[in-house]
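Notes for the one structure printed next.
The values are calculated or read from the model by the stated rules, or taken from the named source; none is laboratory data. Computed from a predicted model, the values in this text were never measured in an experiment. Glycine gets a Cβ as well: all are built from the backbone with ideal geometry, and neighbour counts include every protein chain shown. Ligands, DNA and RNA are excluded from the accessible area calculation, which covers all protein heavy atoms including side chains. Shrake-Rupley method; radii C 1.70, N 1.55, O 1.52, S 1.80 Å.
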Amino acid sequence: MGPLSSVTRQECLAKAEQYLNHTWHPTEKNRLHGIDADGQRVDTPDHLFAPEGKTPGYWKPGTVNYGVPYCWGGNDTPESFDRALRAGKYAGDVYTEAKRAGLEKAVSRHTTGVDCSGFVSRCWGLTWACSTRTLPKICDELPSYEALQPGDALNVYNNHVVLFAEFTNAEKSEMLVYETGSPLGWRVTKHTVPVWFLKQQDFKPYRYRGIR
């Protein structure tokens, strides 16, 4: 763990929008479905990634693409992502059960992008990656979902985290969130989700201690 930052709610959501709308131009060298130079399995979420039963990839080389891609263990900013692309790193790396079992040991140093906790960490202005396991240590758990404010998070320990934007109805039964990872797509997305679903998945509401 590293030093905490100080960030406003507005700055947090503005950073999320940068990831969401980031445009980039990959080439064939940024794609890999195989073993990297260190012996690590890498599958970039490009349009050729379409295994049965899994969310297909989306980006295409030689075209303009939108949204920073999901990358297991990734903690890039949009700017460092672009630099890594130019250096020939692979654009994203989908998660698998093997990667989840291997945790940090399953991260490829030849890939670039951002995973769910890396994304939230960057939106909070952190210069280091906070995992879904360490996130509760720098946050306070909220008493209820109704207490959520823009820039707060919903986290499942050692699984997944999303960034809260706002409630979309007066009953607070549906919310708008940012996140990255399957099943909605292997890139940073913004979408609505019902509260019952998040509660069913055991997401807990948290507030980062450095937010203001």
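In table form, for the structure just shown:
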{"read-out": "Backbone HN-Hα couplings from phi across the stretch 74-89 [Karplus 6.51/-1.76/1.60, Hz, Gly and Pro as x]", "value": "x, 9, 6, 7, x, 6, 5, 4, 4, 5, 5, 4, 5, 7, x, 6"}
{"read-out": "Order of exposure, largest accessible area first, which applies to S108, S173 with probe 1.4 Å", "value": "S173, S108"}
{"read-out": "E166 accessible area, 1.4 Å probe, all protein chains in place, Å² to nearest 10", "value": "90"}
{"read-out": "Cα→Cβ-extended label distance, 7 Å offset, between I35 and L184, nm", "value": "3.7"}
{"read-out": "Other-chain or far-sequence residues with amide H under 5 Å of E166's (modelled H)", "value": "L176"}
{"read-out": "Fraction of accessible area attributable to carbon and sulfur, the chain (%, probe 1.4 Å)", "value": "51"}
{"read-out": "Distance violations [Cα-Cα > 18 Å] among K137/K172; K15/K190; K172/K204; K54/K199; K60/K89", "value": "K137/K172; K54/K199"}
{"read-out": "3J(HN,Hα) from dihedral phi, the stretch 64-70, Karplus parametrisation 6.51/-1.76/1.60, rounded to Hz, x for glycine, proline", "value": "7, 10, 10, x, 5, x, 5"}
{"read-out": "Per residue solvent-accessible surface (Å²) - the stretch 22-174, probe of 1.4 Å", "value": "45"}
{"read-out": "The stretch 117-178: C-alpha gyration tensor shape, a/c 1.5 cut-off, then a/b vs b/c", "value": "prolate"}
{"read-out": "Stokes-Einstein translational diffusion, the chain - Kirkwood Rh over all Cα pairs, 0.890 mPa s, 25 °C, in µm²/s", "value": "142"}
{"read-out": "10 Å binning of all Cα-Cα separations within the stretch 47-98, expressed as whole percents from 0 upward", "value": "20, 55, 23, 2"}
{"read-out": "Computed lengthening from R83 to H47, 0.36 nm per intervening residue step minus Cα-Cα distance", "value": "10.8 nm"}
{"read-out": "J(HN,Hα) series, the stretch 123-135, from Karplus relation 6.51 cos²θ - 1.76 cosθ + 1.60, nearest Hz, glycine and proline x", "value": "5, 7, x, 6, 9, 10, 8, 9, 7, 5, 7, 9, 3"}
{"read-out": "Inter-probe distance in nm under a simple model that places probes 7 Å from Cα toward Cβ, at T134 and E174", "value": "3.7"}
{"read-out": "Loop-located GluC sites (Glu not before Pro) in the stretch 1-86, at most 10 other Cβ atoms within 10 Å (DSSP)", "value": "E52"}
